[in-house]
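The values are calculated or read from the model by the stated rules, or taken from the named source; none is laboratory data. These numbers come from a predicted model, not from an experiment. We place every Cβ from the backbone using ideal geometry, glycine too, and count neighbours over all the protein chains shown. Note: accessible area is taken over every heavy atom of the protein model, side chains too, but ligands, DNA and RNA are not part of it. Shrake-Rupley method; radii C 1.70, N 1.55, O 1.52, S 1.80 Å.
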Amino acid sequence: MKSAWNIFLVAPLFLLLPLRASASPASDDQPSIRSPNGHTCLACVAVVSVIEQLAQVHNSTVEASMERLCSYLPEKLFLKTTCYLVIEMFGPDIIKLLSTDMNADVVCHTLEFCKQDPGRPLCHLYPLPKEAWTLTLEKARQIVKKPPALKYSRSSSDICSLPFLAKICQRIKLAIKNSVPFKDVDSDKYSVFPTLRGYHWRGRDCNDSNKMAYPGRRPDNWDVHEDSNCNGIWGVDPKDGIPYEKKFCEGSQPRGIILLGDSAGAHFHISPEWITASQMSLKSFISLPTALTNELNWPQISGTTGFLDSFSGIKENSIYLRLRKRNRCNHRDYQNISRNGIMASECLPFRLHLCFLSLSRNQLLDHPAIVLYAMVGNDVCNGKVDPVPEMTTPEKLYSNIMQTLKYLNSHLPNGSHVILYGLPDGTFLWNNLHDRYYPLGWLNKDVTYAHFYSFLNCLQVSPCHSWMSSNKTLRTLTSERAKQLSNTLKKIASSQKFTNFDLFYADFDFQEVTKEWQKRGGQPWQLIEPVDGFHPNEVALLLLADRLWKKMELQWPHVLGKENPFNAQIEQVFGDQGGH
């Protein structure tokens, strides 16, 4: 399976609208569309479907719908330009094929973005044509006259092969792979730039030319002359000559929140508007450049480290915002070190750098932190034809987690706290979604989530074949393994002691979250991302954060620290403390 980096680069070649249904394990492979693979096939079917449905919605020609789609895209990241280039290259044949009632599956197989490998089943999203597939495909190839391999040169389709882009591509690739900011002048792992692992992922740097000024550190000389910890509190009170940092923060037990997670914790999200013709407008793609440069993640509104107002409209806030409200001295002290597709096995002793290279905490200079370890699905989830052998065993998980905790103990300041988050019961997905229509099927009532899951599994790009499957035995087995892994985490939390942090375990209470949502009049399926059909959405993440916060308040209040009695005065003197 390809990495988010591959999707980041392949996407512009498909109008930057890939149905990236998975946030999948990392890979160092360079992206290319010289030969078909699951993700390029998925992207092609999604884009051609949108083109076809736009023509249907607006009662227009296919050519007009392609023009409409390109006009919707923003200029940023060359999205609009790329769209027109792609249409110029493939548009004439797409027009011919759609005009003869060939569906998106047939179009993408004809153009060879999809391919049936020998011995493998035919992968299709839509119902098969009434006549034999081979006959339909042969007719389609006759319509476009020549085999696509002879018509289109794809040898230079990797945009990073262009000399003037090679260097910046490499830098972006390393930023994504290592989870460190792309733009970081002083190399302190904090940035003044929002995306590409910037302050959407961790507190904004307040001085990018000073490596010793960053969020979460203990104040330098009580920040008399400048703000060394970026919490917006500095200077001296002219009334009594006492530094504000000393007056307002000393003894208040400041602390930060750090998430070590996967795509769920990063809040992987693809907007339904991007693939739903009936909802598409000029406003639909405004957020696309930001999303792409955040690897299709939205950590700035996530349940753990979100700092922006929720788009969901519910009253619950992230763990970070609650910590900040409890003690304004915690301002900007958050880190979301989540990676799409990461699993515990990637944190083996000789690969710890893959997980924690970007962890920023100095044992001597920084405040303690609350660390939430939440690899909630990838240890039981993969897209293989037979997913079971790839699942992490309890024994392997135990070894991996112990090595991870030893690493954290050598890097976290004394007085920190680590919470191990359990795994969910993913049978929820099939049970609540399989017979509902998928976004690409809303218009014509022809594609359900069962069809979508089957398509992903056939392409071997599913984020979780074992739960997103019609095979009840496989779904049950996966939930049993998830429960075993959760019990392993619980065992570690109850039996192990470390010098620099105390250790806790928390269940992934999705069933309780579902009950709470239903009490508010919601439906269970509304808690899952509609486009990928897998990840918990923003509402679910905030409700999960609410449950974890209440658990800490009730059972581990010392983890949260004191409520700062000077909060009102901090706000009076420093306002929003420089914002986020």
Matching residues in region 187-243 - criterion: being in contact (Cβ under 8 Å) with a residue 40 or more places away in the chain, open to solvent by 30 Å² or more (accessible area, probe 1.4 Å) and within 16 Å of ASN294 (Cβ to Cβ): PRO194, TYR199, ARG204
ILE286 is checked against (1) buried (at least 20 other Cβ atoms within 10 Å of the Cβ); (2) of a type in the set (Val, Ile, Thr); (3) out of contact with any strand residue (DSSP E or B) (no Cβ under 7 Å at 6 or more places or on another chain) and fails just one. What number does that condition carry? (1)
Selection count, region 447-483, where residues are of a type in the set (Ser, Thr, Tyr) and farther than 22 Å from ALA46 by Cα: 6
Checking LEU554 against (1) closer than 16 Å to GLY422 by Cα; (2) open to solvent by 30 Å² or more (accessible area, probe 1.4 Å); (3) of a type in the set (A, V, I, L, M), which test does it fail? (1)
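Which ranges mark the helices (runs of 4 or more DSSP H) fully within region 234-325 that have 2 or more residues being under 23 Å from the mean Cα position of the chain (by Cα)? Lay out the reasoning, then the answer.
Details: elements: 244-249, 263-266, 288-292.
Helices (runs of 4 or more DSSP H) meeting the threshold: 263-266, 288-292.
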Tally of residues being outside any helix (DSSP H, G or I), open to solvent by 20 Å² or more (accessible area, probe 1.4 Å) and among the hydrophobic types (A, V, I, L, M, F, W, C) across region 513-542: 1
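Go through the residues of region 546-556 one by one and say whether even a single one is in the same structural domain as TRP274 (by the TED database), in a loop (DSSP other than H, G, I, E, B) and either touching a Gly at 6+ places or on another chain (Cβ under 6 Å) or in contact (Cβ under 8 Å) with a residue 40 or more places away in the chain (or both). Give the derivation first.
Filtering region 546-556 for residues in the same structural domain as TRP274 (by the TED database) gives 546-556.
Now restrict to residues that are in a loop (DSSP other than H, G, I, E, B): 556.
Pick out the ones that are also either touching a Gly at 6+ places or on another chain (Cβ under 6 Å) or in contact (Cβ under 8 Å) with a residue 40 or more places away in the chain (or both) and you get 556.
Within region 546-556, one or more residues are in the same structural domain as TRP274 (by the TED database), in a loop (DSSP other than H, G, I, E, B) and either touching a Gly at 6+ places or on another chain (Cβ under 6 Å) or in contact (Cβ under 8 Å) with a residue 40 or more places away in the chain (or both).
Quick check on my filter: what residues within region 557-574 are open to solvent by less than 20 Å² (accessible area, probe 1.4 Å) and either at negative phi or basic (Lys, Arg) (or both)? Talk me through it step by step, then tell me what you get.
Of region 557-574, the ones open to solvent by less than 20 Å² (accessible area, probe 1.4 Å) are 559-561, 564, 570.
Of everything in region 557-574, those that are open to solvent by less than 20 Å² (accessible area, probe 1.4 Å) and either at negative phi or basic (Lys, Arg) (or both) turn out to be VAL559, LEU560, ASN564, ILE570.
Given the structure, is TYR373 assigned to a helix (DSSP H, G or I) and within 22 Å of PHE498 (Cα to Cα)? Walk me through it before giving the result.
Values: assigned to a helix (DSSP H, G or I): no; within 22 Å of PHE498 (Cα to Cα): yes.
Answer is no for this residue.
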What single numbered condition from (1) of a type outside the set (Ser, Thr, Tyr); (2) touching a His at 6+ places or on another chain (Cβ under 9 Å); (3) surrounded by 21 or more Cβ atoms within 10 Å (Cβ to Cβ); (4) farther than 22 Å from ARG202 by Cα fails to hold for PRO299? (4)
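Test GLN496 against the criterion of being among the polar types (S, T, N, Q) and farther than 30 Å from LEU408 by Cβ, and give yes or no. Full working, then the answer.
Values: among the polar types (S, T, N, Q): yes; farther than 30 Å from LEU408 by Cβ: no.
Spelling it out, it is not the case that GLN496 is among the polar types (S, T, N, Q) and farther than 30 Å from LEU408 by Cβ.
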Checking GLU563 against (1) touching a helix residue (DSSP H, G or I) at 6+ places or on another chain (Cβ under 6 Å); (2) closer than 15 Å to LEU433 by Cβ: exactly one of these is not met. Which one? (2)
Given (1) under 26 Å from LYS183 (Cα atoms); (2) at pLDDT 95 or above; (3) under 26 Å from the mean Cα position of the chain (by Cα), where does CYS355 come up short, assuming only one miss? (2)
Return the total of residues in region 465-497 being part of a loop (DSSP other than H, G, I, E, B), under 14 Å from VAL388 (Cβ atoms) and among the hydrophobic types (A, V, I, L, M, F, W, C). 1
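Scan LEU137, LEU165 and give me the residue that is at pLDDT below 95, out of contact with any Pro (no Cβ under 8 Å at 6 or more places or on another chain), assigned to a helix (DSSP H, G or I) and not assigned by the TED database to the domain that holds LYS445. Walk me through it before giving the result.
Values: LEU137 fails: at pLDDT below 95.
One residue alone meets the criteria, LEU165.
Scanning for something touching an Asp or Glu at 6+ places or on another chain (Cβ under 6 Å) and touching a residue at least 60 places away in the same chain (Cβ under 8 Å), does region 517-538 turn up at least one residue? Reasoning before the result, please.
Our first condition is that a residue be touching an Asp or Glu at 6+ places or on another chain (Cβ under 6 Å); within region 517-538, this holds for 535, 537.
Okay, now just the ones that are also touching a residue at least 60 places away in the same chain (Cβ under 8 Å), so 535, 537.
Among the residues of region 517-538, at least one is touching an Asp or Glu at 6+ places or on another chain (Cβ under 6 Å) and touching a residue at least 60 places away in the same chain (Cβ under 8 Å), which makes the answer yes.
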Filtered residue count, region 166-181, keeping only those that are of a type in the set (A, V, I, L, M, F, W, C) and open to solvent by 40 Å² or more (accessible area, probe 1.4 Å): 3
Return the pair list, or none, for Cβ contacts closer than 7 Å from residues in region 395-407 that are within 19 Å of VAL376 (Cβ to Cβ) and in a helix (DSSP H, G or I) to residues that are open to solvent by 10 Å² or more (accessible area, probe 1.4 Å) and at pLDDT 95 or above, at least 6 apart or on different chains. LEU397/THR488; TYR398/THR488; LEU405/GLN496; LEU405/PHE498
Among (1) open to solvent by 10 Å² or more (accessible area, probe 1.4 Å); (2) part of a loop (DSSP other than H, G, I, E, B), there is one condition SER462 misses while meeting the rest; what is its number? (1)
Sort through SER454, SER462, SER470, SER479 and tell me the only one that's of a type in the set (Gly, Ala, Ser) and touching a residue at least 60 places away in the same chain (Cβ under 8 Å). SER462
